[in-house]
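I am attaching a structure below and will ask some questions about it afterwards.
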Amino acid sequence: MALRYQTALELAAAPEGMDADQVDEFLELLIDGRLSESRGAELLVALAERGETPHEVAAFVRNLRQRSIKVSVDRPCFDVVGTGGSKLSRFNISTTAAFALAAAGVPVAKHGNRGSRRPNGSFDLLERLQIPIDVPDAVLTQLQRELGLCFIYARTHHPAVGKVVRYRKAAGRRTVFNLAAPLANPAVVTRQLLGAVTLDQARLVAGAVEALGLERALVVTGAPGIDEVSVSGATHYIHVTPHGSAEGVLEPPADATYDYDSLPNGDADINVTIFHDLIDGRERGPVFEMVCVNVGIALDLWRSKPVRYHGPGYELARELFESGAVRERFNAYRLRAGELVK
C-alpha cells in the first residue's frame, strides 16, 4: 500500500529517522505529484527541521541514482560540486576547476544545474560560454572519452527530481534534495570534492558519503560560509576514505588571505567575463588564487596525496593556467561539443 500523507509527515518528524524502505516510499509519494503544493512542502520542511540522518540522505541518493538517466562513461571519474545555499554572490569555482582538472589528465564528470533562484549556477555559466548543456548520453560519453570531461545537466538526467520542484520552491528553504543531489551523479564517480555551507551540513554529507561507500571524498566548508575551499579564512574539511573519516582545517597564509567581498563574482553575465579573464591570463587576483587552491586540493585528492593548502597540486594548477592548458581544453571542449550536437 502506498504511503499516506499523514504517515509520511509522522516519519519526517520521527527522531529515529527513516529506514531505506521508508525513504523510498516517502520519495515515491513526492514524485507521484498528487499532493498539493503546500502538503509536499510541509513534508520537506518537517524532514529538514527534524534534521536528516546520513543514512536517510544516502537512501535518497541511491533512489535518485536508480531513477536517473545514466551517463555511460568509460572509466571512473572525479566530480567537484557544492550543495549551494550560501546566499552570497559567487563565481563558479567548481565549473572552472573542471576544465583545469581535465587539462591535468583527471577524468571529470561534472554534475550540476542552473541556479535555483538566480542565473548563477554552473549550467547558467556554461550556456553563456556557448557550450551545449542539454545533450544526449552518447554525446557526453564521447566528450568524456575524447577530452576527459563532460558536464551532466541535472534537469535532464534526473526527470524524477523535476516532479518535486514545486514542493521545493514552496518549502522556501534548504531541503534534503540540496544534500542528496550533489551525490547523485548519473555517471560512475569514485572520488569527489564536495562543498557545504556549514560544518553541520558538511558532517551530514560526509556521513552519507561514508554510507554510500565512495572511494574517497573531501567535504569542505569555508569562511564566510561557502561550499568551497576559502581564501578568506579557515576551511573545515572531512576526509572520507574506506577506512573512515577524519576532520581537519586548511588555513590560507597571512599574505594570501582576502576579504570575500574583494572577489569578483555575480550572475552568469558577469561570471562569463571573469572566466575568460582567468583562462586568458588577465585575472590573477584573489579569484585566481581561489580557483587554483580548489583545483590543487582536488588534484591531491585524486592522486591520494596529503591534502595541503599550497601543496604540489596548487603549483600544478597555477602552471595549467599560466601555460594556456586550461584555455586550450576549454576551447577544444566547446568546439567538439558544438560539432557533436549538430
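The values are calculated or read from the model by the stated rules, or taken from the named source; none is laboratory data. Remember, it's a predicted structure, so these values are computed and weren't measured experimentally. Virtual Cβ from ideal backbone geometry, glycine too; neighbours counted across all protein chains shown. Just the protein is used for accessible areas: all its heavy atoms, side chains included, with ligands, DNA and RNA removed. Shrake-Rupley method; radii C 1.70, N 1.55, O 1.52, S 1.80 Å.
With the checklist (1) modelled with pLDDT of 95 or more; (2) open to solvent by less than 10 Å² (accessible area, probe 1.4 Å) in hand, flag the one item Arg128 doesn't pass.
(2)
Tell me which residues, restricted to the stretch 302-330, are open to solvent by 70 Å² or more (accessible area, probe 1.4 Å), assigned to a helix (DSSP H, G or I) and either in contact (Cβ under 8 Å) with a residue 60 or more places away in the chain or out of contact with any Asp or Glu (no Cβ under 8 Å at 6 or more places or on another chain) (or both).
We begin by selecting, within the stretch 302-330, every residue open to solvent by 70 Å² or more (accessible area, probe 1.4 Å); these are 303, 305-306, 308, 312, 315, 318-319, 322-323, 327-328.
Next, from what is left, pick out any that are assigned to a helix (DSSP H, G or I): 312, 315, 318-319, 322, 327-328.
Passing the criteria: Glu315, Arg318, Glu319, Glu322, Glu328.
Also, I was wondering about something else. Open to solvent by 20 Å² or more (accessible area, probe 1.4 Å), assigned to a helix (DSSP H, G or I), farther than 19 Å from Pro186 by Cβ and touching a residue at least 40 places away in the same chain (Cβ under 8 Å): does that describe Ser89?
Working: open to solvent by 20 Å² or more (accessible area, probe 1.4 Å): yes; assigned to a helix (DSSP H, G or I): no; farther than 19 Å from Pro186 by Cβ: yes; touching a residue at least 40 places away in the same chain (Cβ under 8 Å): yes.
So Ser89 fails the test.
So which residues in the stretch 246-263 are touching a helix residue (DSSP H, G or I) at 6+ places or on another chain (Cβ under 7 Å) and surrounded by fewer than 17 Cβ atoms within 10 Å (Cβ to Cβ)? Can you show your working first?
Looking only at the stretch 246-263, we keep the residues that are touching a helix residue (DSSP H, G or I) at 6+ places or on another chain (Cβ under 7 Å), and these are 256, 258, 262-263.
Those that are touching a helix residue (DSSP H, G or I) at 6+ places or on another chain (Cβ under 7 Å) and surrounded by fewer than 17 Cβ atoms within 10 Å (Cβ to Cβ): Ala256, Ser262.
So, in the stretch 160-216, exactly how many residues are part of a loop (DSSP other than H, G, I, E, B) and not basic (Lys, Arg)? Even if it seems obvious, please write down each step before you answer.
The initial filter retains those residues of the stretch 160-216 that are part of a loop (DSSP other than H, G, I, E, B), namely 163-164, 172-175, 184-188, 196-198, 213-215.
Keeping just the survivors that are not basic (Lys, Arg) gives 164, 172, 175, 184-188, 196-198, 213-215.
Within the stretch 160-216, residues that are part of a loop (DSSP other than H, G, I, E, B) and not basic (Lys, Arg) number 14.
Enumerate the pairs (first residue in the stretch 27-49 and over 12 Å from Phe177 (Cβ atoms); second residue anywhere and of a type in the set (Ser, Thr, Tyr) and open to solvent by 10 Å² or more (accessible area, probe 1.4 Å)) with beta-carbon separation below 6 Å, excluding pairs fewer than 6 apart on the same chain, so at least 6 apart or on different chains.
Taking only residues 6 or more apart or on different chains, the pairs are Arg39/Tyr5.
Considering each of Arg216, Arg173 in turn, give the residue that is of a type in the set (D, E, K, R) and over 20 Å from Pro242 (Cβ atoms).
After ruling out the rest, the residue left standing is Arg173.
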